[in-house]
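Structure first, then comments.
The values are calculated or read from the model by the stated rules, or taken from the named source; none is laboratory data. Being a predicted model, the structure only gives us computed values, none of them experimental. Here Cβ is always computed from backbone atoms with ideal geometry, including for glycine, and neighbour counts include all displayed protein chains.
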Amino acid sequence: MARQQQHSDLLAQEIPGLPGDGNHTGSIAVDASTGADGGSAGAALSNYLRTQATAFLRGIGLRGEDETVADSLLRGSARRIAGVLHTYGELTDAGWAEPMRAELGWLGATLGREPQYTVRLGRLLDALRRLSELTPPEDPAPAAAFPSPAGGAAEAAGRDTLRIPEPGPGPDSMKGTAPGAPTGPAGGDATGSAAARGADRTAGSGFAAAAGGPGRTATSRPAAAGAAVATRGGGGAPAGALAVGAARAAALLERQLTLARTRAHSATLQAMGSARFHALADSIAVLASEVPLTARAAGPATAVLPPLAAQAHARLAEAAGTLPLRRAAHPYNAEAVQASLGADLTADLQDAPWHQVRILLRLSRYAAEVPGAGGHGDPRLAEAALVLQRHHEAAESAAAVSAAARTPRIAPATAYALGVLHADQRHEVEAARFAFSRLWQA
């Protein structure tokens, strides 16, 4: 805390123009006049880097107040500084810039894992709710618990509002498991635990009642069409292959992703208290007042910066040109789904070029933010970045479902629900590719 306070004091001393209105979530504006009126490229680049260093140090000062906002500021500024140093590397001292980029990449990756797991878990649980809308509108089921990222399966066990007949003994009965034995990603879907049993008993109503608004049906998604037909169990409760396995699948995913999120949070805390982070923060504090530049940075910004920004955009265009955009422009071409099921081209290998385009698109946008770089003036780039972000989230979510399906001794109903969920996420991947291809080729 003493080092964080030292960096905050340094920020207030060296950058007196720091906004003090308490609007922590607002972006810090870059002075666009620097570099745009015939100034040097070094002045424009230094102004941009100082602005991002301000945001970084501001994030350190906010760690004790709002960690979510603070980490968002740290991640955003770290990515921008690293990206601009990559694009305009010729204008800065390589001996200083390369180690700085490496450390910023480490910090950005460390801080990004916890929110990624949080978003992924919420995304998958919402998808399971949507896919399990089996209750007819005229016969609504009583509200029941559904495992949420915050509550967990243990909360579902205490609200047994609708019972579904327990399935008979199966591969997941975990015979021989000691009572109270810990469960985890490698321990099956833990149907022997009280939490999972409570989730199983609420499967029929939990997904139907927690799902979307009126007018939506189970056939609203191609992946869910015909997946399960509601049947009448005891007391008129809806039941089906998907509804029975969905609660178990949700509990399994929640356990695995919550464990991963907890580990990521611990890694973040460890990183923020490490000497490595404080050394990086000291370098950023120096960057806020002085940027090591090369002789080429003395040239006019309008002559030096645009060619370098154009190179970043050319790398993006070249990478996007290698994508199967013409095939992706056809809806329901099923390429993303088929690749995830085949052995010739796995989903990871197929998704990698799209992820690379997402990174290059980010670098191109960051390069255009530097005053005097000229920018490309294409509003589609921001929308394309959002589409590729959705593509990345859907692909990573599908991979998480695939990993959960490889858990030993899971019940057939659980595996079925995971299969439907995996197909749904791969359809989301395909939809994002379709949207990007229409944007890029417009």
Lone unmet requirement of (1) assigned to a helix (DSSP H, G or I); (2) buried (at least 16 other Cβ atoms within 10 Å of the Cβ) for ALA317:
(2)
Please verify whether GLY151 is outside any helix (DSSP H, G or I), at pLDDT below 95, closer than 21 Å to ALA275 by Cβ and more than 17 Å from the chain's Cα centre (by Cα), treating the condition exactly as stated.
no
Selection from the stretch 52-99 of residues that are under 18 Å from THR268 (Cα atoms) and of a type in the set (Ser, Thr, Tyr):
THR68, SER72, SER77
Can you tell me which residue among GLU98, GLU138 is surrounded by fewer than 17 Cβ atoms within 10 Å (Cβ to Cβ), at pLDDT below 90 and either assigned to a helix (DSSP H, G or I) or charged (D, E, K, R) (or both)?
GLU138
When the stretch 80-97 is examined, which residues are found to be over 17 Å from SER40 (Cβ atoms), of a type in the set (A, V, I, L, M) and over 28 Å from the mean Cα position of the chain (by Cα)?
ALA94
Do the conditions hold for ALA309, that is, is it part of a helix (DSSP H, G or I) and at pLDDT below 95?
yes
Select from the stretch 283-301 the residues that are part of a helix (DSSP H, G or I) and in contact (Cβ under 8 Å) with a residue 12 or more places away in the chain and list them in ascending order.
SER283, ILE284, ALA285, LEU287, ARG296, ALA297, ALA298, ALA301
For the list (1) within 18 Å of ALA250 (Cα to Cα); (2) surrounded by fewer than 19 Cβ atoms within 10 Å (Cβ to Cβ), I need the number of the one condition that ALA404 fails.
(2)
Check VAL429, VAL420, VAL401 and return the single one that is part of a helix (DSSP H, G or I) and either closer than 22 Å to GLU318 by Cα or of a type in the set (Lys, Arg) (or both).
VAL429
